[in-house]
1. Put a dot 7 Å past each Cα toward the Cβ at residue A:422 and residue A:450; how far apart are the dots in nm?
2. At what distance in angstrom do the alpha carbon centres of region A:339-390 and region A:414-464 lie from each other?
3. Calculate for chain A the 222 nm mean residue ellipticity that helices alone would give, adding -39,500 (n - 2.57) per DSSP H run of length 4 or more and normalising by residue count, nearest 500 deg cm²/dmol.
4. Amide H neighbours of residue A:227 under 5 Å, counting only residues 5+ apart in sequence or on other chains, H built in-plane at 1.01 Å?
5. When averaged across all projection directions, what area in nm² does the alpha-carbon convex hull of region A:381-447 cover?
6. For region A:156-222, I need the span (max minus min coordinate) of the C-alpha atoms along each principal axis, in Å, sorted largest to smallest.
7. Heavy atoms only, probe 1.4 Å: what % of the accessible area of region A:107-251 goes to carbon and sulfur, would you let me know?
8. What does the accessible area per residue of chain A come to in Å², with a 1.4 Å probe and no ligands, DNA or RNA counted?
Amino acid sequence: MQGGAQAHRCRPRGDPLTGPGKSRGPVRGRFPWGRPMRLSRYFLPVLKENPSEAQIVSHRLMLRAGMIKQQAAGIYSWLPLGLKVLKRIEQIVHEEQARAGHIPLLMPTLQPADLWRESGRYDDYGEEMLRVTDRHKREMLYGPTNEEMITDIFRGNVNSYKDLPLTLYQIQWKFRDEIRPRFGVMRGREFLMKDGYNFDLTKEDALHAYNRHLVSYLRTYERMGLQAIPMRADSGPIGGEDTHEFLVLADTGESEVFYDSEITDLRFGDRAIDYDDPAACRAVLEEFTSRYARTDETHDEAVFNQIPEERRRSARGIEVGQIFYFGTKYSEPMGATVVGPDGARVPVHMGSHGIGVSRLLGAIIEASHDERGIIWPEGVTPFHVGLVNLKQGDASTDSACAAIEAELQARGIEVLYHDRDERAGAKFATMDLIGLPWRITVGPRGLANNVVELTSRRTGESVEMSPQDAVARVAEVYAPVFAQSWPAGR
RNA sequence: CGGGGCGUGGCGCAGCCUGGUAGCGCGACGGUUUUGGGUACCGUAGGCCGGAGGUUCGAAUCCUCUCGCCCCGACCA
């Protein structure tokens with residue numbers, strides 16, 4: 001967390017109670033409108049019992065951890081903890097899009113019907129599109145996707161091949177009136193999605209954009225602690241020739257998938273890659289699509305059977321993203337053309353790319369939890385570390401916790417301090433449920449020897465060390481996570 | 001949209017079949033107790049039983065309609 005980290009360490013030891021509230025200016029990696037948080041002043045309505053409507057583990061845990069509240073079938077309020085994770089995921093998506101050179105914009109949720117009549121999809125889309133009429137009897141719709149609108153923006157403002165290539169994207173709420181929403185945020189009617197659109201002069205350029213997106217998506221998911229496997233898929237109503245879906249393997253996934261076990265050994269990691277280098281991007285695509293990996297829609301038994309039997313796998317997967325190349329499917333009917341080098345007007349080649357942002361919360365939890373609750377990967381955790389005071393009201397533990405809290409804040413590490421007057425067991429249970437990856441436990445016994453406990457949520461392993469060392473250790477753990485932010489040094 | 005199920009204090013449920021004036025656990029609040037894995041006890045507050053209509057002296061309970069939610073299937077980021 002450059003900037004904030006090494007900047008200054010004014011340790012409010014002398015006055016631990018007023019220390020943590022002081023503003024130290026924007027610190028990277030923190031929730032934009034976050035501030036030091038104590039559970040006694042937070043809004044975290046955790047449930048001890050399982051709500052009866054939730055059938056799958058991610059839905060149950062999101063409800064129990066006080067992250068969401070259902071307002072109607074497939075429509076949710078995002079409570080503070082859920083919103084925090086949602087924002088973290090959004091931030092990672094933004095950063096990786098920026099890294100790939102894509103430009104953010106924001107389009108409205110409500111769109112005029114006329115635009116969709118142009119593409120012919122106003123009739124094609126059917127019941128899944130939520131249609132509304134305004135006071136002037138104008139027909140509108142709540143956007144299920146945005147190909148029409150982005151094409152409209154493009155055609156009105158871009159005329160020359162010199163303005164290409166161009167990739168625009170947004171992270172915006174969508175609405176698809178599913179017949180049967182289910183599984184909490186995994187299959188909501190209202191959902192947050194990143195949708196991006198590339199505009200290129202030639203098919204070759206557009207395929208580079210396709211490959212570039214594949215690379216950026218691999219990075220994006222890995223930063224969230226997920227392995228999402230690109231699989232050849234079906235294009236559905238979006239249409240087009242080339243498409244890959246990104247799937248996270250999970251028993252509760254809605255898609256049946258078939259793959260060569262070698263595919264799961266591949267990692268993108270923190271490779272440096274030049275997104276403007278078509279060959280480099282293509283090489284990554286080739287690497288990650290070199291093994292058999294398909295959904296049931298495109299599964300080919302004959303090809304699958306050529307894989308050595310011990311490597312053949314079939315499983316369930318959660319779809320967390322999809323990329324398409326669809327050529328001139330929209331640009332042609334909607335007149336999105338540019339003047340080429342030869343002076344002739346040609347329709348642009350396009351593709352679109354989506355990441356199910358709100359769905360990712362469910363996917364991450366499905367992939368990372370245990371019987372006690374959620375286990376957040378460091379990249380998306382709502383708070384970096386939890387602080388548990390075992391004897392609230394005890395002068396020594398209270399002041400030690402306040403000092404640790406201040407020290408973590410100073411290093412740009414977000415801490416949730418469980419300062420409520422509850423028993424140790426209750427505090428541990430709450431912390432385990434909400435899944436912060438690290439916990440510092442401060443009790444009178446340890447404090448007598450100047451030690452606190454640092455516990456990993458994932459492994460359950462606890463190590464005793466001085467408060468200073470615990471803070472340093474947490475900072476060390478998060479250093480590589482913070483280093484992935486982009487642009488660096490912000 | 002076909003099939004199944006459910007709506008009773010914030011949450012989880014019982015009561016419904018065999019109508020008689022609403023109960024349990026958790027939670028909340030107040031207190032005592034306790035303090036290293038959801039402590040124990042005492043007390044308090046909180047529900048026109050999803051809604052409308054009907055049958056009846058009387059409806060959470062029976063009947064009709066309606067709204068909502070969940071599960072399986074077909075459909076989808």
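1. 3.3
2. Cα centroid to Cα centroid, the span is 28 Å.
3. -9500 deg cm²/dmol
4. Counting only residues 5 or more places away or on other chains, the set is empty.
5. 4.1
6. Principal-axis extents of region A:156-222 (Cα, largest first): 45, 33, 17 Å.
7. It is 45 percent, rounded to a whole number.
8. The answer is 43 Å² per residue.
The values are calculated or read from the model by the stated rules, or taken from the named source; none is laboratory data. Here the structure is a predicted model, which is why all the values come from computation and not from measurement. Note: ideal-geometry Cβ built from the backbone for every residue, glycine included; neighbour counts use all protein chains shown. Protein only, heavy atoms only, side chains kept; ligands, DNA and RNA dropped before computing areas. Shrake-Rupley method; radii C 1.70, N 1.55, O 1.52, S 1.80 Å.
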